[in-house]
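This report refers to the structure that appears directly beneath it.
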Amino acid sequence: MSRKTEQSRKLQKRAEKVIPGGVNSPVRAFRAVGGEPRFIVRGSGSRIWDADGNEYIDYVGSWGPLILGHAPPGVVEGISAAARNGTSFGASTSSEADLAEIVISAFPHIEKIRFVSSGTEATMSAIRLARAYTKRKYIVKFEGCYHGHADALLVKAGSGVATLGIPGSAGVPQEFTQFTLALPFNNVDALEQAFSKFKNQIACVIVEPVVGNMGCVPPHRGYLDALREITHRYDTLLIFDEVMTGFRLTFGGAQELYGIIPDLTTLGKIIGGGLPVGGYGGQSEIMDLVAPLGPMYQAGTLSGNPLAMAAGLATLRYLRDHRKMIYPRLDKVSGELVAGIAAAAKDAGVPICYNRVGSMFTWFFTAGPVTDWDSAARSNTEAFGRFFRSILDNGIYLPPSQFEAAFLSAAHTSEDIQQTIAAAKQAFAMSVPLHRNKAVI
Ligand code: KE4
């Protein structure tokens, strides 16, 4: 039974008059899945409510930051207390070093970190820093990985493995991507080929150590080790973009989970606890190039904003103090959820596969396996859209794109999981017309 959406529809029409697409980030417009974008009015724990009063179990969690769920009391109180003392000063506050110290306690390779206001700023700055440190121009990224919307990173893969990136967005001149190589993820040969061609001209390799932005795609066994060995061999900096995985997979992110130490780490999402924070960090030898100490310039009016620092501090302190319970439970409950939905798909005759690392996961509407962009792109996005709209009507809010990771929070309960699996069974039944005993999705 379709849910009432007239308030959301009205708000969307109004917003479209004054904001492109009615949204401040494209994925929120539901273009990839169809249907009516929901305007959210409130969140609490694992739940959100829209403008028509519909309640949903939320697996977007603001795209990763809300590992503790919506409006955790400690975070809300931290923000409120900070706000009572003023919202921003354009001068330093002790909360910035407080947050830096707890981040560094989780990421021991980081000796210094600079806070910014988004993941995009973090990765853009880390790449500038890598170029400043190595005095090299070329950078390597991977197809299907997203590191924010800085020009040099908005590239489509070149035709051959070691051909340079083609602008992936209007408004990005070819000159801005001419030094960007986009290679296939999980493919060591492609990396070796690129390095044998460009040798000591490559400043950095930036990678999502567990990819979230083509849907969840883990590294093959040994892949991150190979990345580390090859970049060492060519004196190229390895940047782990842990904006999504930092404090998500474990307290120390993917580098703790896989035991690989990058040269620079970018962070965001969880370190802001739902407020705008990004960061980039590494050894002092590299970080001391950053202004005002060194010649690499980067700045920001609201960098280190006291409210955002307070939200991040409350979140990270809670994770630090409860890590032994939180992460194993997130892993266990996420496993139950993902397996339950996969079983529902199997019973409905729907060919899906899934990838999961800890509490980030994606069900792909393809038989799979999904190990890189090419295999992810074989997903049946129409079928995903039908499933998305159907399960949304059943009160489950998944990321509105086949190529995004979903997230579980510490606030999700076993009852939420059971309700979600039941909703998925209904969604498969409703959105999967069966023909000739085979689901046509
Ligand atoms: P922001 O500029 O959106 O804070 O961060 C960019 C970024 C950098 N690195 C990684 C690994 C990221 O996942 C992101 C942003 N993630 C997307 C979701 N896949 C943000 C959602 C959106 O664009 O609305």
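The values are calculated or read from the model by the stated rules, or taken from the named source; none is laboratory data. For clarity, every value in this text was computed on a predicted model and none was experimentally measured. Ideal geometry is used to build each Cβ from the backbone, glycine not excepted, and the neighbour counts take in all protein chains shown. The area values use the complete protein model at the heavy-atom level, side chains included, leaving out ligands, DNA and RNA. Shrake-Rupley method; radii C 1.70, N 1.55, O 1.52, S 1.80 Å.
Under 16 Å from a label point set 7 Å out along the Cα-to-Cβ vector of Ala81, the amide N atoms of region 294-319 belong to 306-319.
Note that the chain presents 42 Å² accessible area per residue, ligands and nucleic acids not counted, probe 1.4 Å. Placing +1 on the Cβ of each Lys and Arg and -1 on the Cβ of each Asp and Glu in region 73-317, which of Ala310, Met124, Leu99 has its Cα farthest towards the positive end of the resulting dipole? Among Ala310, Met124, Leu99, the one farthest towards the positive end of the dipole of region 73-317 is Met124.
Can you list the residues of region 396-433 with backbone N under 19 Å from a point 7 Å past the Cα of Asp347, pointing along Cα to Cβ? So the set is 396, 414-433.
Divide the volume of the convex hull around the Cα atoms of region 234-351 by the residue count and you get 169 Å³ per residue. Placing +1 on the Cβ of every Lys and Arg and -1 on the Cβ of every Asp and Glu, with nothing else charged, gives region 73-317 a dipole about its Cα centre of roughly 360 debye.
Positive end of the dipole of region 324-424 (Cβ unit charges, origin at the Cα centre): among Ala411, Val350, Asn394, the Cα lying farthest that way belongs to Ala411. If R0 is 35 Å, what FRET efficiency do you get for Glu175 and Ser284 from their C-beta distance, rounded to 0.05? Calculated value: 0.55.
Taking every alpha carbon pair in region 73-317, what does the distance histogram look like in 5 angstrom bins from 0, in percent? Final binned percentages: 1, 7, 14, 19, 19, 16, 11, 7, 4, 2, 0, 0. The mean of 1/r over all pairs of different alpha-carbon atoms in the chain, once inverted, gives a Kirkwood hydrodynamic radius of 22.5 Å. Ellipsoid semi-axes for region 24-87, based on the Cα gyration tensor and the rule √(5λ), read 26, 14, 12 Å when sorted largest first.
Estimated purely from DSSP H runs of n ≥ 4, each contributing -39500 (n - 2.57), the mean residue ellipticity at 222 nm for the chain is -12000 deg cm²/dmol once divided by its residues. Rounded to the nearest 20, the Cβ-based charge dipole of the chain about its Cα centre (Lys and Arg +1, Asp and Glu -1) stands at 860 debye. Taking the chain as a Gaussian network of alpha-carbon nodes connected by springs under 10 Å, the highest mean-square fluctuation of the residues Gly90, Gly273, Gly69 belongs to Gly90.
Out of the DSSP beta bridges found with both residues in the chain, what percent are antiparallel (nearest 5)? Looking only at bridges with both residues in the chain, the antiparallel portion is about 60 percent.
For the options Ala182, Ala422, Ala310, a Gaussian network treatment of the chain with springs between C-alpha atoms closer than 10 Å singles out Ala422 as fluctuating the most. Each residue, Met325 and Arg233, gets one label point 7 Å from its Cα in the Cβ direction; the gap between the two is 4.7 nm. The alpha-carbon of Lys17 sits under 26 angstrom from the alpha-carbons of these lysines, leaving out residues fewer than 8 places away in its chain: Lys4.
Pairwise Cα distances in region 216-286 exceed 21 Å for 27 percent of all pairs. Judged by the mean number of other Cβ atoms found within 10 Å, the most tightly packed of the peptides 350-356, 235-241, 78-84, 166-172 leads the ranking 235-241, 350-356, 78-84, 166-172. Among Pro262, Pro399, Pro20, the largest mean-square fluctuation in a Gaussian network model of the chain, built with springs joining Cα atoms closer than 10 Å, belongs to Pro20.
Express the C-alpha Rg of region 305-430 as a ratio against the empirical globular expectation 2.2 N^0.38 Å, rounded to two decimals. Here the answer is 1.17, to two decimals. The candidates Ser125, Ser118, Ser414, arranged from most to least accessible area with a 1.4 Å probe in the full protein assembly, appear as Ser414, Ser118, Ser125.
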